[in-house]
1. Would you please name the trypsin sites (Lys or Arg not before Pro) within the range 1-51 that are DSSP coil residues with at most 13 other C-beta atoms within 10 Å of their C-beta?
2. Which residue, Ser163, Ser26, Ser112, has the most motion in a Gaussian network model of the chain that connects Cα atoms within less than 10 Å?
3. In whole angstrom, note down how far apart the Cα centers of the range 1-40 and the range 95-113 are.
4. Could you tell me which residue out of Ser42, Val57, Ala114 lies farthest along the dipole of the chain toward its positive end? Charges go on the beta carbon: Lys and Arg +1, Asp and Glu -1, centred on the Cα centre.
5. Carbon-plus-sulfur fraction of the accessible area of the range 1-102, 1.4 Å probe, in percent?
6. Over the Cα atoms of the chain, compute the convex hull volume and normalise it per residue, giving Å³.
7. Step through the residues of the range 25-38 one at a time and calculate ³J(HN,Hα) from phi using the Karplus curve (6.51 cos²θ - 1.76 cosθ + 1.60, θ = phi - 60°), rounding each to whole Hz and writing x for Gly and Pro.
8. Leaving out ligands and nucleic acids, note down the accessible area per residue over the chain with a 1.4 angstrom probe, in whole Å².
Amino acid sequence: MEKWKTISSEEVVHNNWITLRKNKVSLPNGVVINDFYTVDISDASSVVAVDVKGNVVLKKEYRYCQGKETIEIPAGAFEKGEEPLEVAKRELLEETGYASDEWLYLGDTMDSPAKLTNHMHLFLATNCRKIDEQQLDKTEQIEVLIVSFEEAIQMVMDNKISSNSSASALLRAARLLKK
């Protein structure tokens, strides 16, 4: 398929969290969209953390945009200069107190590719063990949940885990682990 052409791009909002752009674009068929908005947010990493008993370490967190608590796998955004695995290890430890020495990259996802520019890098960490207490940011309130791998997959299928990146990572890990 032919690419869309950017005629102009204006930064509407720029802060530590997002950059919102108003773009004027031309489609291959000649249609021009004068106000095609895109949202730039940092790439992030997320972790399917499996403990030594084969359980999955999940988190429950209130999500303002959704107006409710969600259940997800541990995840967080890149800080300047960080690599995906470094982010995954940091976020797992900060959000749950768990760590692992066994990591596997599962690929990446795009949660809303029509408007968001970021990628979520997915990891599987096995033989996780609790080594510390949570070290949450001042903007985080996270409850750690430990469930069997089978229950975590059922939570995806029942839409109790509805974050696309969490669901994708859990299903990819299940295929690899034959759960």
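The values are calculated or read from the model by the stated rules, or taken from the named source; none is laboratory data. Computed from a predicted structure; not experimentally measured. Cβ sites come from the backbone with ideal geometry, for glycine too, and all protein chains shown count toward neighbours. Note: accessible area is taken over every heavy atom of the protein model, side chains too, but ligands, DNA and RNA are not part of it. Shrake-Rupley method; radii C 1.70, N 1.55, O 1.52, S 1.80 Å.
1. On the way: sites: Lys3, Lys5, Arg21, Lys22, Lys24; in loops: Lys3.
When the trypsin sites (Lys or Arg not before Pro) of the range 1-51 are filtered for loop state and at most 13 Cβ neighbours within 10 Å, Lys3 remain.
2. With Cα springs under 10 Å in the chain, the top fluctuation among Ser163, Ser26, Ser112 is at Ser26.
3. Their Cα centres are 30 Å away from one another.
4. Going by the Cα projections, it comes out as Ala114.
5. Numbers: 3090 of 6170 Å².
Carbon and sulfur: 50 percent of the exposed surface of the range 1-102.
6. Values: hull volume 26.3 nm³, N = 179.
Hull volume normalised by residue count: 147 Å³.
7. So the J values, rounded to whole Hz, are 10, 10, 7, x, 8, x, 5, 10, 9, 7, 9, 8, 8, 10.
8. Working: 10790 Å² over 179 residues.
Each residue of the chain exposes 60 Å² on average to a 1.4 Å probe.
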